[in-house]
Amino acid sequence: MSSLTYDLVDSRIMVSRCLRRSWRDPEAFFTALMLPIILMMLFVYVFGGALRDHGPYVDYVVPGLIVLCAGFGAGTTAVALATDMAGGIVDRFRSMPIRASAILLGQVAASLTRNLLATALVIGVGLGIGWRPTTSVWHWAGAIGMIVLFILALSWLAAAVGLLAGGPEAANSFTFVLMFLPYVSTAFVPTDTMPSVLRGFAQNQPFTPIIETMRGLWMGHTSTGASLGHEALIAIAWSVGILAVSWLTATRLFRRSTSH
């Protein structure tokens, strides 16, 4: 077989392993799947009545829930990789005829799969309780592309954090950071409702343009008043930048950790 074929086979095996591992941890797996549903019901039916200035709240909140759940899923990836590194299983893999890159690719691909499943649940539940995007097929394709790019960037970032962390407990703190950032963005409320200090941070952090890009693609307008093209360019720049830096960092850290 060619080198590319070996890479594909090794990557498929590692992806299957990571996905089976998720199934064998039902508490974490179903938490990741149920979290978007619970949050959707909480924000729409408990808080939504007080937040109607921008139309039905479910129309506003769906993109924010998608990035929140992506952050939670990425945190799970960081913990899984840190557990593998601390437990010695990676050293066993390295003693086998397995491409080193396949170990990282397996974690990232499994993260992408889990997060896309959670995203599909958010969209499905949103449609079931009244979310009505006013958009075209091409805008749907653009929104899905933005989601995939963003989740891929977060997954590689999680891989880098998992390699940097001293163990699963340290990596687990990454989950709380990623779950906190969407709250200080336009995910759940417009920035003009925030104090000036928080407003400046919310307007200039990576989650806001990504959320606004999805919101503009699905609903035809952003909540910031900026054009969709402006928000999309910033969102793509953030996502590509995070992806590039995280990929380089993760691959170098992995080589260093497994070279001895």
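The values are calculated or read from the model by the stated rules, or taken from the named source; none is laboratory data. No experiment lies behind these values; they were computed from the predicted model shown. Surface accessibility is based on the protein's heavy atoms, side chains included, excluding ligands, DNA and RNA. Shrake-Rupley method; radii C 1.70, N 1.55, O 1.52, S 1.80 Å.
Computed in the context of the full set of protein chains, the accessible area of the stretch 162-255 at 1.4 Å probe radius has 70% of its extent on carbon or sulfur.
Across the stretch 145-152, computed HN-Hα scalar couplings (Karplus, 6.51 cos²θ - 1.76 cosθ + 1.60, θ = phi - 60°) run x, 5, 4, 4, 4, 5, 5, 4 Hz from first to last residue, x flagging Gly and Pro.
Rg/Rh, computed from the Cα trace of the stretch 95-167 with Rh as the Kirkwood radius, has the value 1.13.
When Val240, Val108, Val125, Val197 are compared by accessible area at a 1.4 angstrom probe, the order from most to least is Val197, Val240, Val125, Val108. In order along the stretch 202-217, the Karplus-derived 3J(HN,Hα) couplings, from 6.51 cos²θ - 1.76 cosθ + 1.60 at θ = phi - 60°, round to 4, 6, 10, 9, x, 5, 4, x, 5, 4, 5, 5, 5, 5, x, 5 Hz, and Gly and Pro are given as x. Residues Trp140, Trp238, ordered by accessible area of protein heavy atoms at a 1.4 angstrom probe radius and largest first, appear as Trp238, Trp140. Counted over the stretch 98-221 with a bin width of 10 Å, the fraction of Cα pairs per bin, in whole percents, is 11, 34, 35, 17, 3, 0.
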